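Everything below concerns the one structure shown next.
Nothing in this text is a laboratory measurement; each read-out follows from the coordinates by a stated rule. Note that the structure is predicted; figures quoted are calculated from it, not measured. So basically every Cβ, Gly included, is an ideal-geometry build from the backbone, and we count neighbours across all protein chains shown.
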Amino acid sequence: MRIAVVADGEGGGWLQELGTARPERVPDLAEAVRDRENAAGPPPRWVWDAWEDLYPDLVRAGVRVRRSHDTALTEALLLGHDGRHEEPHSLGAVWARLHGRPVPDDPVRRTGEGAHAQPALFGADRSTLPPGTDRLAALAEVHDDQVRRLEALTDSGGLRLLAAVESAGGLAAAEMSHDGLPLRPDIHDRLLTELLGPRPVAGQRPAVLADLAARIGDALDQELNPDSPSQVMRALARAGHPVPSTRSWVLREVEHPAAPLLLRYKELARLHSANGWAWREQWVSERPGPGGVRLGRFHPDYVVAGVVSGRWATRGGGGLQVPKALRGAVRADPGWALVRADAGQLEPRVLAAVSGDLALAEAAAEEDLYARLAVHVGGDRDRAKIGMLAAMYGQTTGDAAPLLATMRRLYPRALDHVDTAARAGEEGRAVRSWLGRTSPRPHGWDTLPSGTEGDRTRRAQGRFTRNFVVQATAAEWASVLLAALRVRLARLEPALPEGAGVVFFVHDEVVLHVPADRAEEAVRAVAEAERETRELLFPGSPVRFPLVTTVSDEHSQI
């Protein structure tokens, strides 16, 4: 059963069971969705235009659903499959194409509102439909069109699965953003103070940064702003060390007393701006806990499939990484535990599975794939890792060249898989992931000049498509895992308390926050989700995808 749903901007909305029923006006949309979600029988699949515009409001109202069809995410996949990545994919855009009307731009999503933003429940229409259009009818029409287009594809099975998984990702994103990653504000403040000094007055540098700035000026024999690349480059040039940029890898090659100071300054300045006191005020909510301790929650603003490979991104300052220096602030609530599951060496294992290279699959049967490969390069694990990364990323210079030749000899099918993808990119053709996500072509490809400049662009596109077939499939593996884990956690009996479950997701890592006495159940759910993911994506493959799962009350310990 599929139920289309739209909000009216006043707390109510309209529902329609697609294909069988007439539209129904409901005065309390959250209550109506809750009633149908909890009714006997299989749960409905909710059909809406974009998870960002409806589901966060349901979650705030205490309603969580199990399945959905997100027309915006699905349209992006279908357009990409046709090589039309840049075309708008909102409900209004799809409806306009169906009716031969001018296609509106996609709406600009709200950005950077942080943890304390409280938008009105079921806010204004953001579908970009023309005024007066029946939104529910338009949604039903767009859904039916997408179902037809998916079924018409020769490789529709994979893309249908990907559309369902990405829709589930929207549900998980709203839930994780609402529940938040537990973070202790007092410990965050202590760690910042140890690294930067006391919190400064707004607009001033922390004491440690101010001291580093002064020492950099002394080392270069002039006053300068270390935050200004142009000033730093001019000062280094005057000191006899011209550099093309102030990137860290460039500065590490500079033999001057100012270089290590500049590197430390960049590291701490980044910490201060990206995850400092102002960041915490915007992205971390606080509440009182037992014994007067203040508990916090970090609320990232996730963007499902925000990168062309299908990896997630974030909007605003709520990044996908908590820096290592501050992970000690990520603490479970008293009586709770953090469960972290990390898929090690995911991309080479994915390459083994998609290429069908039995030799690489045999190596991937080991917990540490690189250690298994190392026997072929003199027992050096680091060199084995470089060789595998060279195979996936197309590195052919320096130490990587002989290692790449070894990889070709040992794993010919795996290398042929990525070589074929690279040739497609160099020829301007698209490649697809395991489930059918399609790579975009660069702008202006048809007018590339001949000669060195054009060849450089073609080689760069080849390197991109070489990695795309692996990285995009790895992103699919992680998305399927997240969807499967979400379902398994929802089925636990007794049910987990409010706020428990997956609270953080980044690439190939998930973090759960659960009562300590339920941690073993959570670990089992992770293992079952991994097995389901492997069997769903690569049935019969001998490749293993081991998850390193750890339980602790502190992120820095896991």
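Per-structure values
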quantity: Counted charge near Ala137, where neighbours are those whose Cβ lies closer than 12 Å (Asp, Glu -1; Lys, Arg +1); calculated: -1
quantity: Coarse-grained scattering of the range 272-427 at q = 0.10, 0.11, 0.19 Å⁻¹, given as base-10 log I(q)/I(0) from a Debye sum over alpha-carbon atoms; calculated: -0.58, -0.67, -1.12
quantity: Quarter of the Cα convex hull surface for the range 186-278, i.e. its orientation-mean projected area (nm²); calculated: 6.0 nm²
quantity: Point-charge dipole on Cβ atoms (K/R +1, D/E -1) for the chain, about Cα centre, debye to 20; calculated: 900 debye
quantity: Label-point separation in nm, Asp368 to Val201, each point 7 Å along Cα→Cβ; calculated: 5.4 nm
quantity: Alpha-carbon Debye profile of the chain, log10 I(q)/I(0) at 0.07, 0.09 Å⁻¹; calculated: -0.49, -0.82
quantity: Calculated P(r) of the range 240-356 - Cα pairs past 17 Å, %; calculated: 73 percent
quantity: Exposed GluC sites (Glu not before Pro) absent - longest run of the chain, DSSP non-H/G/I/E/B, at most 14 other C-beta within 10 Å; calculated: 87-222
quantity: Value of relative contact order over the range 186-278, rounded to a whole percent, pairs C-alpha under 8 Å and six or more apart; calculated: 26 percent
quantity: Relative contact order of the chain, pairs being alpha-carbon contacts under 8 Å that are 6 or more residues apart, as %; calculated: 15 percent
quantity: Förster radius 22 Å - calculated FRET efficiency between Glu498 and Glu520, Cβ distance, rounded to 0.05; calculated: 0.60
quantity: Dipole of the range 203-314, positive end: most advanced residue of His299, Gln204, Gln231 [Cβ charges, Cα centre]; calculated: His299
quantity: Per DSSP, loop trypsin sites (Lys or Arg not before Pro) in the range 490-533 with at most 13 further Cβ within 10 Å; calculated: Arg491
quantity: Cα-based Rg of the range 2-152 normalised by 2.2 N^0.38 Å, two decimals; calculated: 1.03
quantity: Rg/Rh (Cα only; Kirkwood hydrodynamic radius) as it applies to the range 400-558; calculated: 1.11
quantity: The range 403-441 and the range 175-239: distance between their alpha carbon centers, rounded to Å; calculated: 42 Å
quantity: Among Leu536, Val510, Ser450 - extreme Cα towards positive end, dipole of the range 442-558, charges at beta-carbon; calculated: Ser450
quantity: Ala305 long-range amide H proximity, modeled H, under 5 Å; calculated: Trp312, Ala313
quantity: Other-chain or far-sequence residues with amide H under 5 Å of Phe504's (modelled H); calculated: Val511
quantity: Ranked Phe545, Phe468, criterion: other C-beta atoms within 10 Å, fewest first; calculated: Phe545, Phe468
quantity: Most positive-pole-ward Cα, Gly428, Leu369, Ala391, against dipole of the range 347-463 from beta carbon charges; calculated: Gly428
quantity: Separation in nanometres of the label points that stand 7 Å from Cα toward Cβ, at Glu17 and Trp445; calculated: 4.6 nm
quantity: Three-way shape call for the range 347-463 based on the alpha-carbon gyration tensor, with the a/c threshold at 1.5; calculated: oblate
